[in-house]
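This is the structure I want to talk about, given as C-alpha cells.
The values are calculated or read from the model by the stated rules, or taken from the named source; none is laboratory data. Since the structure is predicted, the reported quantities are computational estimates derived from the model, not experimental observations. Positions of Cβ are generated from backbone atoms using ideal geometry, with glycine treated the same way; all protein chains shown enter the neighbour counts.
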Amino acid sequence: MYYLDLIGTFAFAITGALKAKGRDLHLFGALFLGIITSIGGGTVRDLIIDRTPLFYLKDPNYLIMGIIASTITYFAPTFFKKWYSFFRFIDSIGLSVFTIIGVSVTYSHLFKDEGFTTISFLASILLGMITGFGGGIVRDAVTGDMPLSLKKGSNYVLSAFSGSVSFYLLMFINTTLAIIVSILITLFLREIISSFGLYKKIFKKTRGGQR
C-alpha cells in the first residue's frame, strides 16, 4: 500500500506540473500545483477523519516525490507535451491508486474493528473518491478552472466510485485481489471506455490507419 501511495503521488504531481506548464508558470508555480495535486485529496480526507499529523508531515517521502516529479516535468516540457496521452494514463494510474488508499485509510482509521457496515461502506467510498480526485479539484480551483472531474462527459467520478466500491467489497476477501481488480476497473473505465483514453486516442486510431 505504501509504495502504491508513492506511485500515485508521483503520478499526480506530474499532472499538476503539466497544468502549470500549460499556464506558462515558473518553477515554483509548477512545484506548487504539482504538490497540491498530489497531496490535496489525501489532506482533505485526513482532515475529515481527524487523522493527524497529516501523512506528508509524518513521512517527507510524499513531498519529496511531489518535488521530484514536478521538477522533472518542468524541465522536460517538450517530452511531456508530446506524450500527453501517456501522461493522461499516468493520471489514471494515480486515480486508481489513490482511491484504494483513500478507502483503506478511512476504513482502517475509523472502522477497523467493525467489519462491513452501511456507514463504513458509505464513508470509505466517499473518502476514497475524494482522495482520488480531491487534489485535482483543489488544483483547478487555484487556477480558476472548472474541475475536470466535474465536467459533463468526464468519467472521472464514475471511475473513482467504481474503483472504491470494488476495493471495499473485495478487501474483506483478499487484499491483493481487491487491489488488482480495483485498478483494472478504474483503468478500464478511464482508458478503454473514455473517448480520451489510450485505446481510442492511440490504439484504435493506429489500427484504423493500417486499414
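Is it true that T73 is crowded, with 21+ Cβ neighbours inside 10 Å, modelled with pLDDT under 90 and over 30 Å from K112 (Cα atoms)?
Considered against the rule, which asks whether it is crowded, with 21+ Cβ neighbours inside 10 Å, modelled with pLDDT under 90 and over 30 Å from K112 (Cα atoms), T73 comes out as yes.
Which one is nearest to I130 (Cα to Cα), of the residues in the range 151-196 that are of a type in the set (K, R) and surrounded by fewer than 20 Cβ atoms within 10 Å (Cβ to Cβ)?
It comes out as K151.
Let me ask you something else. Do you know which residues across the range 96-134 are of a type in the set (D, E, K, R) and within 13 Å of the chain's Cα centre (by Cα)?
none
Right, something else. Considering only helices (runs of 4 or more DSSP H) fully contained in the range 1-78, which possess at least 3 residues that are touching a Lys or Arg at 6+ places or on another chain (Cβ under 9 Å)?
It comes to 2-22, 27-48.
Is there a residue in the range 159-175 that is in a helix (DSSP H, G or I), more than 14 Å from T99 (Cα to Cα), in contact with a Ser or Thr (Cβ under 7 Å, 6 or more places away or on another chain) and not hydroxyl-bearing (S, T, Y)?
No: the range 159-175 contains no residue that is in a helix (DSSP H, G or I), more than 14 Å from T99 (Cα to Cα), in contact with a Ser or Thr (Cβ under 7 Å, 6 or more places away or on another chain) and not hydroxyl-bearing (S, T, Y).
Can you tell me which residue within the range 101-158, out of those that are among the aromatic types (F, W, Y) and in a loop (DSSP other than H, G, I, E, B), is nearest to K21 (Cα to Cα)?
Selected residue: F111.
Quick check on my filter: what residues within the range 115-133 are of a type in the set (G, A, S) and surrounded by fewer than 24 Cβ atoms within 10 Å (Cβ to Cβ)?
G115, S120, A123
Kindly evaluate F167 against the criterion of being among the aromatic types (F, W, Y) and free of Cβ contacts under 8 Å to residues at least 40 places away in the same chain.
Against the criterion (among the aromatic types (F, W, Y) and free of Cβ contacts under 8 Å to residues at least 40 places away in the same chain), F167 does not qualify.
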